[in-house]
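Each remark here refers to the structure printed beneath this line.
Readers should treat all values here as calculations from the given coordinates under stated rules, not as data from a laboratory. Quantities reported herein were computed from a predicted structural model and do not represent experimental measurements. Here the Cβ is made from the backbone with ideal geometry for all residues, glycine too, and neighbour counts use every protein chain on show.
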């Protein structure tokens, strides 16, 4: 058996056997009433949830960005051997992947700023608002993390295709870039939803992001698409 | 006081050194005691006390020939400063050791401090001589009569500080005094028996408390008591002849905050025990509601005092079973009421009893005042080893006890969740690393080897 099979069977076996044995013990000792999900949710600290959210936000986003850059980068380097002209133009794809990581770190900082100390040791004194805060931060981190993960992979694979197509035929690049833009937008959706989850009162942040998008749209309006994106590209540089 | 006492014995005079410092001592503290005799006189053989046994007054009297006491002394001092770890030259008890080695000796590591306080009295009674308080200089001037028993008490100097270095100096100073006294006694050829002890320990060994520190931690139940005490049967409330409510607690402490301090009272002796019949009038129980009323008199200067446990049994749809909760705990004192809520933590399936090591309103509170303005804010209840059952009682024994301590604490659960997440991340990472392969598409083993020129 190869390494993968061993690893996956090992982990799966450990997980299911733990669940099975714990379940059997609960049943035969008639301690099923002890299985209390509400107790688990109220006794675990909201800080754990908040920090898990922050950690997942940044780490999953970085995984997505890294994966995308690795895919695109290897294609650009490979294609650039025979067609060196593609090198500079295709860095746009790398930048789209990098943007995903930037979304992740911005969200991680925003969410961590929302975490404050609270007083209270029992569920009553901690209060519903603090629990809500903990779970919201966890959810927000998860949202932005996973959406950036898949966005990064998507942009990476499309960018890889764009590089190779560009190496064959220079006119194909811009068309494929449109596909990449749509792929990048889904990462942004994740950021917007995460902000809504984390803080209902940070509408200002939402307004800021949507206004930058609108500005981008307006600045590119009336220009040819390739010129528009070259402007964007130079802005980053 | 230091006392040198001589006793007329079979073979001659025995002088007894008694050194001690007067101080009030708690009766449950332990001090060590060393006794030895001069050449030619043997202490009557006694059985050495077993380890951990604290010698009481009577036993000491029976052991006793001499006593020699000093500044606060503990067994630990002998261990710490006695050069027992191979560093004999560092020992501060050189003279003491020499004396012990040269003759028969008696070593009692743990004597109750009230016993040592009475040593001089015991010795006086034994030899019918008043104690003489002296120091080594006056001893040199004293001419001892070998045929008369005398009791000489030497007070050895001490310092009150707990500083380690000064303790060592103090003990070595004491040892020098002992050496001087013994050499004087030897020069005068007076047979003696000497006792070296103290009135209170320099280091109080804290008794390992068997009580767990919090409700949520675990300890082996068997390790809690050294000698199992006979436990009282639980309190029963019978309605129409059959037992309806069972209660047990090791301690039932109610405290009220009055004039700046908490005044405590333990109700357990009035509630549990052989022949104790507490007044349960006002109690009732039926299918859904149980109420246990304990009536007392003259508690904390209140003429009438009631402790009321209110329990309810309800059906909960989601879990599809009946649960009982202790909703309220009332304290009624001379017409006024203090109410605590308990339903948050004190619950169990209706068929079982609820047991908890500590149910209190102060530490890790399971009971909280009913409201901010309730009288309960001035009261504290603390119930130790508490077990209660208000429904489904069959006979006089408790049903299975649903304990308040869970198998996994919240901390353990949080650790498990986070660890599971890390394991998943690790699995994912390992998967990615293991699928990396070197490109071998353009490998041509038969072709020419690649040459990388050193120069451009």
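In plain terms, the residue of A:36, A:166, B:403 with the fewest other Cβ atoms within 10 Å comes first and the most crowded comes last, giving A:36, B:403, A:166. Taken over the C-alpha atoms, the stretch A:1-122 has Rg and Dmax values of 23.3, 72 angstrom. If R0 is 60 Å, what FRET efficiency do you get for residue A:15 and residue B:263 from their C-beta distance, rounded to 0.05? After rounding to 0.05, the efficiency reads 0.60. Spin-label model, residue B:319/residue B:102: points 7 Å from Cα along the beta carbon direction are separated by 7.7 nm. Of interest is the spacing of the C-alpha centroids, which for the stretch B:172-191 and the stretch A:1-69 amounts to 75 Å.
Give the order of B:331, B:430 when sorted by the count of other beta carbons within 10 angstrom, beginning with the fewest. Before the final figure, lay out the partial values.
Working: B:331 21, B:430 15.
Result, fewest neighbours first: B:430, B:331.
Note on the stretch B:372-456: the alpha carbon radius of gyration divided by the globular reference 2.2 N^0.38 Å gives 2.88.
With a simple spin-label model that places each label point 7 Å from the Cα along the Cα-to-Cβ direction, the separation between residue B:188 and residue A:146 comes to 9.5 nm. Fewest-first ordering of B:264, B:313, B:437 by other beta carbons within 10 Å of each residue's beta carbon gives B:437, B:264, B:313.
Which whole-number percent gives the relative contact order of the stretch B:335-409, counting Cα pairs below 8 Å spaced six or more residues apart?
Details: 116 pairs, mean separation 30.4, N = 75.
Relative contact order for the stretch B:335-409 comes out at 40 percent.
Ratio of the stretch B:275-324's C-alpha Rg to 2.2 N^0.38 Å, to two decimals? Walk me through the numbers before you get to the answer.
Numbers: Rg = 15.4 Å, N = 50, 2.2 N^0.38 = 9.7 Å.
The value comes to 1.58.
Simple spin-label estimate for residue B:420 and residue B:148 gives 8.9 nm between the two label positions (7 Å along the Cα-to-Cβ direction from each Cα). Computing FRET efficiency as 1/(1 + (r/R0)^6) for residue A:196 and residue A:83, where r is the C-beta to C-beta distance and R0 is 30 Å, gives about 0.10. With the cut-off at under 12 Å, measuring from each backbone N in the stretch B:335-370 to a point 7 Å along the Cα-to-Cβ line of residue B:405 picks out B:356-358.
Over the stretch B:235-403, calculate the relative contact order: mean separation of alpha carbon pairs under 8 Å at least 6 apart, over the residue count, as a percent. Show your work: numbers first, answer last.
Numbers: 398 pairs, mean separation 40.5, N = 169.
RCO, the stretch B:235-403: 24 percent.
Using C-alpha pairs below 8 Å separated by at least 6 residues, the relative contact order for the stretch A:42-199 is 39 percent.
Projecting the alpha carbon convex hull of the stretch A:96-172 along each direction and taking the average yields 6.0 nm².
Compute the FRET efficiency between residue B:362 and residue B:276 as 1/(1 + (r/R0)^6), taking r as their Cβ-Cβ distance and R0 = 25 Å, and round to the nearest 0.05. Walk me through the intermediate numbers first.
Numbers: r = 26 Å, r/R0 = 1.05.
Rounded to the nearest 0.05, the efficiency is 0.40.
Taking only the alpha carbons of the stretch B:300-389, we obtain Rg and Dmax values of 14.0, 47 Å in that order.
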